[in-house]
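The values are calculated or read from the model by the stated rules, or taken from the named source; none is laboratory data. Just so we're clear, the structure is a prediction, and the values are computed from it rather than from any experiment. In this analysis, Cβ positions are derived from the backbone assuming ideal geometry, glycine residues included, and neighbour counts consider all displayed protein chains. What goes into the accessible areas is simple: the full protein's heavy atoms, side chains included, and nothing from ligands, DNA or RNA. Shrake-Rupley method; radii C 1.70, N 1.55, O 1.52, S 1.80 Å.
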Amino acid sequence: MKKLNSIIQKLGSNRLAWSMFALAAILLFNLIVYPEFFKITILDGHLYGSLVDIFRNGAPLMVLAIGMTLVVATGGVDLSVGPVIAVTGAVATSLIGLEYGSTNTPLFLAVALALGVAALCGFWNGILVSRIGIQPIVATLILYVAGRGVAQMITNGKIMRIFYEPYFVFGSGYFLSLPVSLYIVLLVYIVAWLFTRRTSFGLYVESIGINSEASRFTGINEKNVKLLAYTLCGLCAGIAGIIISSNVKSADGNNAGLWYELDAILSVALGGTSLSGGRFSFAGSIIGALIIQSLTTTIYSTGVPPQVIMLVKALVVFLVSLLQSENFRKMIGSLLNSRKGAIQ
Amino acid sequence: MVNDRVLLQMSNISKMFPGVKALSNVDFDLRAGEIHALMGENGAGKSTLIKVITGVDKPELGEITLEGNIIHPASPRDAQKLGISTVFQEVNLCPNLSVAENISIGHETIRYGFINSSDAKAKAKQLLKQLDVDIDVTRTLADYSVSIQQMVAIARALNIDKTKVLILDEPTSSLDAYEVRKLFDVMLKLKKNGIGIIFITHFIDQVYEVADRITVLRQGKLIGTYETNTLPRLKLVYSMIGKELENLDSLSKMKGELTKRTEVEPFMQVKALGSKGSIQPFDLEINKGEVLGFGGLLGSGRSEAAHLIFGVDIPDSGTLTVNKKEYRHLSPLKSILNGIGLCPEDRKTEGIISDLTVRENIVIALQVGQGWFQYIPMKKQYEIADKFIQSLNINTPSPDQLIKNLSGGNQQKVILARWLATHVKFLILDEPTRGIDIGTKAEIQKMVISLAEEGKAIVFISSELDEVVRCSNRMMIMRDHQKVAELEGDKVNLEEVMQIIAGRSELEKA
Ligand SMILES: Nc1ncnc2c1ncn2[C@@H]1O[C@H](COP(=O)(O)OP(=O)(O)OP(=O)(O)O)[C@@H](O)[C@H]1O
Ligand SMILES: [Mg+2]
């Protein structure tokens with residue numbers, strides 16, 4: 001008992017440990033009820049299997065979670081990432097055009113412009129929050145509401161199919177046996193890590209999230225730091241948008257990226273970054289995203305009826321949050337202690 | 001009225017934090033109707049002892065009895081119900097509630113299920129009046145200065161009918177002499193009513209003025225409990241810091257040398273700088289190699305003046321000239337780039353970044369000055385942090401400790417280190433020694449003067465007049481949000497300064 005308690009307390013101080021623990025538990029569950037889960041087959045030199053699927057399907061969420069982490073760490077939140085995903089897909093698709101096997105705009109340019117639009121969306125959010133001083137939830141809600149409308153306008157209210165093959169590489173291509181989208185995640189992670197930890201940007205973000213008044217006294221330019229955080233979050237949403245539209249080979253203003261903002265916020269929270277801002281961890285958020293994705297995959301592969309999916313998801317998220325909560329751990333701790341006392 | 005009835009008894013208390021033994025086997029007792037001072041260096045364990053009594057921290061070992069009964073308070077609220085009322089070192093009020101709400105919250109007068117706000121206001125007014133504080137209790141707390149907030153916290157602690165024990169953790173660190181007097185009057189009155197008071201402070205004079213007994217802690221261990229009137233001051237200091245205190249003669253000599261210098265080179269010129277409702281326009285010259293003291297009562301506008309100069313608040317009149325350029329106003333970043341720093345008064349809200357480490361808190365202002373892309377290499381960061389942990393005697397298990405886990409005085413030292421680490425040419429120090437123990441205080445004063453010797457311009461603000469007068473070559477005196485006088489040379493002495501502060505008109509002087 002005592003040992004269990006001390007393990008809980010020790011693990012407790014490290015929120016990342018809890019999310020890894022949760023991820024491992026979910027995977028273990030799969031191993032037991034569905035041994036096929038871990039099977040990886042090689043076909044045409046490509047890896048296939050549920051595990052690979054988790055990474056591949058989770059790629060957009062992981063990228064999104066990285067961007068969201070920055071915004072959350074400043075003490076804000078970005079609700080508009082789902083619609084920005086839709087906008088990006090729509091922009092890229094309309095630039096590429098509907099002809100079979102050819103594109104109206106060079107691929108590189110089309111992607112760059114689409115990402116530019118996404119970054120612009122983030123910039124807009126950043127302006128509203130940092131210069132005009134609108135509460136982040138309200139400020140990003142504006143684009144949340146408007147974004148899908150814009151995407152639909154670009155696609156004329158229809159689902160636009162893409163027939164230009166090179167574009168599919170982002171979402172469904174393979175390189176050295178692994179999905180290309182995984183490399184994208186890795187690249188985004190490395191660049192984000194370098195940009196926050198090898199410049200002072202990360203320190204500023206955390207500092208503002210913890211105590212913005214004291215940060216002001218140290219000369220940190222809160223406005224610019226926030227503006228940049230929201231812009232980068234928009235950019236990440238754009239990258240996710242490209243991966244998604246490339247994967248489904250179409251742009252759907254209505255459904256692309258639906259509910260992704262919630263999953264992204266959950267990933268960040270599960271990864272141990274406090275939603276009130278401050279210390280952040282990209283690695284944690286990526287693990288958070290993997291938890292959510294493997295949960296989805298698990299639920300599908302065990303054949304749980306779709307109505308229950310949301311409930312199961314909610315339950316797991318609830319459990320992980322409980323484990324991360326200091327108050328809850330204290331409660332458990334004192335419960336174990338008093339039991340121990342009763343036994344003696 | 002001290003009787004020997006023991007009110008509160010703590011025996012064999014031990015408390016560990018990761019890497020720190022904050023209290024080891026400490027015994028402590030408080031009698032009814034006594035004022036018991038708790039003393040010791042920064043990080044000695046004073047606040048931890050208080051947190052153990054009030055249920056904030058759970059001791060690993062030990063027992064607490066109140067009037068003979070063992071108690072296990074689980075929270076300050078619990079302790080309050082038992083009759084233990086506390087003012088914590090870091091004022092923990094709600095800045096965005098009104099003063100009246102802050103005082104009455106938790107013990108509202110409830111009528112028909114609603115909080116009776118007019119009762120609350122009247123009660124708050126009356127409690128503050130005891131302390132001679134006359135303010136609008138309907139305004140939000142954040143509108144008021146640190147010292148007023150401290151008074152509100154005290155008033156709140158007095159708002160309990162059946163208090164047996166009153167605990168005051170460094171209540172005087174941000175008060176001026178007059179406010180301290182008022183607080184002491186109230187403490188003496190409570191003492192007469194048989195209340196036991198635990199009083200923590202770093203001011204030796206204050207202890208000798210009101211305390212009946214003194215308990216000294218050092219590095220978490222009990223050194224002893226003494227009757228105040230049988231304990232010589234030197235012995236008290238010795239038991240606190242384990243060595244003799246250096247005398248301050250060298251300080252006045254250092255200052256003398258500084259004053260003798262004839263050529264002054266201006267660093268900044270302030271012309272008619274002011275802000276409506278906060279401070280009347282004032283002129284000021286800030287010179288290199290000089291310590292300029294700001295004197296005045298709390299709330300006289302000293303911090304406001306500093307904020308206007310540094311640019312955290314924006315003035316609505318006047319100009320600042322620095323590095324041959326004239327500005328309507330600065331901003332913290334512009335100030336830093338111009339070589340100006342401000343070490344703020346309110347360490348909790350304007351100073352510490354609680355979840356960052358000691359190292360990060362120290363290097364952050366330096367980093368801001370260097371810009372986004374010249375990230376200070378880790379090795380350098382540790383070097384800088386270690387240097388100041390050494391020189392300011394910061395009590396921390398490592399530079400990677402979160403600053404929020406440090407004792408109050410040690411947090412203050414870190415904030416000071418943050419600004420000493422920057423390469424500013426002009427440093428404004430707003431209450432830099434607040435809550436700092438006597439040993440380090442003298443070190444800091446010396447440091448201030450030697451910074452000026454190196455050619456830096458220093459503005460020194462402190463509600464401890466002795467300290468300002470001891471360190472300054474020149475002083476600006478403020479009263480009622482206005483600059484009323486500027487003193488130089490021999491005129492910078494305690495008597496002169498006190499008279500002006502108290503309100504001797506310029507006419508009389510002539
Ligand atoms: N939550 C905590 N986690 C880790 N260490 C802590 C924590 N709280 C206090 N400490 C450590 O315990 C020691 C005693 O701290 P305490 O606050 O009691 O000192 P103090 O005597 O009140 O000092 P000061 O005069 O600076 O207020 C310090 O070394 C401090 O770093
Ligand atoms: Mg303390």
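General observations
- For region B:1-60, filtering for residues that are polar (S, T, N, Q) and within 12 Å of ligand 2 (Cβ to nearest atom) leaves 3.
- Scanning region A:238-256 for residues that are open to solvent by 30 Å² or more (accessible area, probe 1.4 Å) and closer than 26 Å to residue A:196 by Cα turns up just one, A:239.
- Residues being at pLDDT 85 or above and not hydrophobic (A, V, I, L, M, F, W, C) - total across region B:159-177: 7
- Taking region B:188-205 as the range and being away from ligand 2 (no atom under 16 Å from the Cβ) and in a strand (DSSP E or B) as the test, the residues that pass are B:196, B:197.
- Qualifying residue in region B:88-97 (condition: aromatic (Phe, Trp, Tyr), away from ligand 2 (no atom under 16 Å from the Cβ) and assigned to a loop (DSSP other than H, G, I, E, B)): no
- Across region B:147-174, the number of residues qualifying as away from ligand 2 (no atom under 16 Å from the Cβ) and either of a type in the set (Phe, Trp, Tyr) or open to solvent by 10 Å² or more (accessible area, probe 1.4 Å) (or both) comes to 10.
- Residues being among the β-branched types (Val, Ile, Thr) and more than 8 Å from chain A (Cβ to nearest Cβ) - total across region B:325-353: 1
- Against the conditions (1) open to solvent by 50 Å² or more (accessible area, probe 1.4 Å); (2) at the interface with another protein chain (Cβ under 9 Å from one of its Cβ atoms); (3) more than 22 Å from residue B:381 (Cα to Cα), residue B:310 satisfies every one except (1).
- Breaking point among (1) at pLDDT 90 or above; (2) within 16 Å of ligand 1 (Cβ to nearest atom); (3) crowded, with 17+ Cβ neighbours inside 10 Å, for residue B:91: (1)
- Here residue B:369 fulfils each of the conditions (1) open to solvent by 20 Å² or more (accessible area, probe 1.4 Å); (2) more than 10 Å from chain A (Cβ to nearest Cβ); (3) in a helix (DSSP H, G or I) apart from (2).
- Any hit, region B:257-274, residues being of a type in the set (Val, Ile, Thr) and in contact (Cβ under 8 Å) with a residue 60 or more places away in the chain: yes
- Applying the set (1) part of a loop (DSSP other than H, G, I, E, B); (2) open to solvent by less than 50 Å² (accessible area, probe 1.4 Å); (3) more than 30 Å from residue B:67 (Cβ to Cβ) to residue B:243 leaves exactly one unmet item: (2).
- Helices (runs of 4 or more DSSP H) lying entirely in region A:210-270 (those with 1 or more residues that are among the β-branched types (Val, Ile, Thr)): A:222-248, A:260-270
- Test result for residue B:364, part of a loop (DSSP other than H, G, I, E, B), crowded, with 24+ Cβ neighbours inside 10 Å and more than 15 Å from ligand 1 (Cβ to nearest atom): no
- When A:141, A:235 are checked against the criterion of being more than 14 Å from chain B (Cβ to nearest Cβ), within 25 Å of residue A:53 (Cα to Cα) and open to solvent by 40 Å² or more (accessible area, probe 1.4 Å), A:235 stands alone in meeting it.
The rows are residues; the columns are (1) surrounded by fewer than 23 Cβ atoms within 10 Å (Cβ to Cβ); (2) under 30 Å from residue A:94 (Cα atoms); (3) of a type in the set (D, E, K, R).
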residue: A:165; (1), (2), (3): yes, yes, yes
residue: A:171; (1), (2), (3): yes, yes, no
residue: A:185; (1), (2), (3): no, yes, no
residue: A:192; (1), (2), (3): yes, yes, no
residue: A:202; (1), (2), (3): yes, no, no
residue: A:209; (1), (2), (3): no, no, no
residue: A:214; (1), (2), (3): no, no, no
residue: A:220; (1), (2), (3): no, no, no
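- The residue of region B:39-61 that is surrounded by the most Cβ atoms within 10 Å (Cβ to Cβ), among those that are of a type in the set (Lys, Arg) and more than 6 Å from ligand 1 (Cβ to nearest atom), is B:51.
- Some residue of region A:34-41 being among the basic types (Lys, Arg) and closer than 30 Å to residue A:154 by Cβ: no
- Test: residue in region A:127-135 that is within 24 Å of the chain's Cα centre (by Cα) and within 13 Å of residue A:86 (Cα to Cα): no
- Of all the criteria given as (1) more than 16 Å from ligand 1 (Cβ to nearest atom); (2) in a helix (DSSP H, G or I); (3) in the same structural domain as residue B:28 (by TED's automatic domain parsing), the one not satisfied by residue B:257 is (3).
- Counting only helices (runs of 4 or more DSSP H) wholly contained in region B:373-487, the ones carrying 1 or more residues that are open to solvent by 10 Å² or more (accessible area, probe 1.4 Å), within 14 Å of chain A (Cβ to nearest Cβ) and more than 16 Å from ligand 1 (Cβ to nearest atom) occupy B:378-391, B:408-420.
- Pairs where the first residue, in region B:30-57, is within 14 Å of chain A (Cβ to nearest Cβ) and the second is away from ligand 1 (no atom under 13 Å from the Cβ) and open to solvent by 10 Å² or more (accessible area, probe 1.4 Å), C-beta under 6 Å, 6+ apart: B:55/B:73; B:55/B:74; B:55/B:75; B:55/B:78
- Condition broken by residue B:222, with the remaining ones in (1) surrounded by 19 or more Cβ atoms within 10 Å (Cβ to Cβ); (2) assigned to a helix (DSSP H, G or I); (3) in the same structural domain as residue B:204 (by TED's automatic domain parsing) satisfied: (2)
- Test set (1) under 25 Å from residue B:412 (Cα atoms); (2) outside any loop (DSSP other than H, G, I, E, B); (3) out of contact with any Pro (no Cβ under 9 Å at 6 or more places or on another chain) - residue B:142 fails condition number: (3)
- Residue match in region B:101-120 (condition: within 15 Å of ligand 2 (Cβ to nearest atom), away from every other protein chain (no Cβ under 14 Å), surrounded by 17 or more Cβ atoms within 10 Å (Cβ to Cβ) and in contact (Cβ under 8 Å) with a residue 12 or more places away in the chain): no
Condition check ((1) outside any strand (DSSP E or B); (2) within 16 Å of ligand 1 (Cβ to nearest atom)) across all residues:
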position	(1), (2)
B:163	yes, no
B:168	no, yes
B:181	yes, no
B:186	yes, no
B:207	yes, yes
B:238	yes, no
